[in-house]
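Note sheet for the following structure.
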Amino acid sequence: MVSYQELHQQNHKITELTNILQHLLGDRSLCDSDVTCSLFFDYVNSVRDHLAVTDSAMYSKLLGAGDQKMSNVANRFMGGSREINRIFSAYLKRWCKVKSKTLVIREYDAFMRDTEEMFDMVLDRIQNETEHLYPAVQQVTGDQQAVA
C-alpha cells in the first residue's frame, strides 16, 4: 500500500536532492566526484521509482471513475509521464554512463543547461502532482490517506 505521506516524502527527497545537486554540479570541479555521482544516481533512481509508483497506483483509479474530467487528468499525467521518461532517458544517454554510475561531461555549459531543464521539469511535475493529481485521486477514492 502506498500512502500520500510516502509520496510526499518521495517528493521531498527528490526536491532536496535537486537543491543539493544544483550546488554541487554548479562547481565544475565537483561534477566528477564520487559523492556527486552517487547523489546524482540516487536522484535518478528516486525519480524513476516515484514515476513508477504514480503510474501504477493512480491513473487506473482516475480512468475507472467513469468521469470525463478525471479521465482527462489521468491522460494528461500519463502523457507527461511518458514525456518525462523519454527526456530523462535521452539525458542519461547523453550525459551518463549508467552502468558505471558516472557523469560524462564533455561540454559543461550544455550539460548544465540540460540538467537545469531536467530539474525544472521534474520539480514542475512534482508540483502538478501535489496540486492536481493527488487531489483528483482523493476525490475519486474518498481516501485521504492511502493511494493503493
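So the values come out like this:
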quantity	calculated
Residues within segment 107-148 that are within 19 Å of GLN5 (Cβ to Cβ), loosely packed, with under 12 Cβ neighbours inside 10 Å and of a type in the set (D, E, K, R), tallied	1
Pair list, Cβ under 6 Å, 6 or more apart: segment 1-22 residue more than 16 Å from VAL122 (Cβ to Cβ), other residue not in a helix (DSSP H, G or I)	MET1/ALA146; VAL2/VAL147; VAL2/ALA148; SER3/GLN145; SER3/ALA146
Hits in segment 23-35 (condition: in contact (Cβ under 8 Å) with a residue 12 or more places away in the chain and either farther than 19 Å from TYR91 by Cβ or outside any helix (DSSP H, G or I) (or both))	GLY26, CYS31, ASP32
Test: residue in segment 36-53 that is in contact with a Leu (Cβ under 8 Å, 6 or more places away or on another chain), at pLDDT below 95, part of a loop (DSSP other than H, G, I, E, B) and not charged (D, E, K, R)	no
Residues within segment 31-59 that are exposed (fewer than 13 other Cβ atoms within 10 Å of the Cβ) and among the small types (Gly, Ala, Ser), tallied	3
Matching residues, segment 1-22, being in a helix (DSSP H, G or I) and open to solvent by 60 Å² or more (accessible area, probe 1.4 Å)	GLN5, GLU6, HIS8, GLN9, HIS12, LYS13, GLU16, ASN19, ILE20
Of all residues in segment 60-98 being more than 20 Å from the chain's Cα centre (by Cα) and open to solvent by 50 Å² or more (accessible area, probe 1.4 Å), the one that is nearest to VAL147 (Cα to Cα)	LYS61
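The values are calculated or read from the model by the stated rules, or taken from the named source; none is laboratory data. If you're wondering where the values come from, they're calculated on a predicted model, not measured in any experiment. Note that we place each Cβ from the backbone using ideal geometry, even for glycine, and neighbour counts take in every protein chain shown. All accessible areas refer to the heavy atoms of the entire protein, side chains included, with ligands and DNA or RNA removed. Shrake-Rupley method; radii C 1.70, N 1.55, O 1.52, S 1.80 Å.
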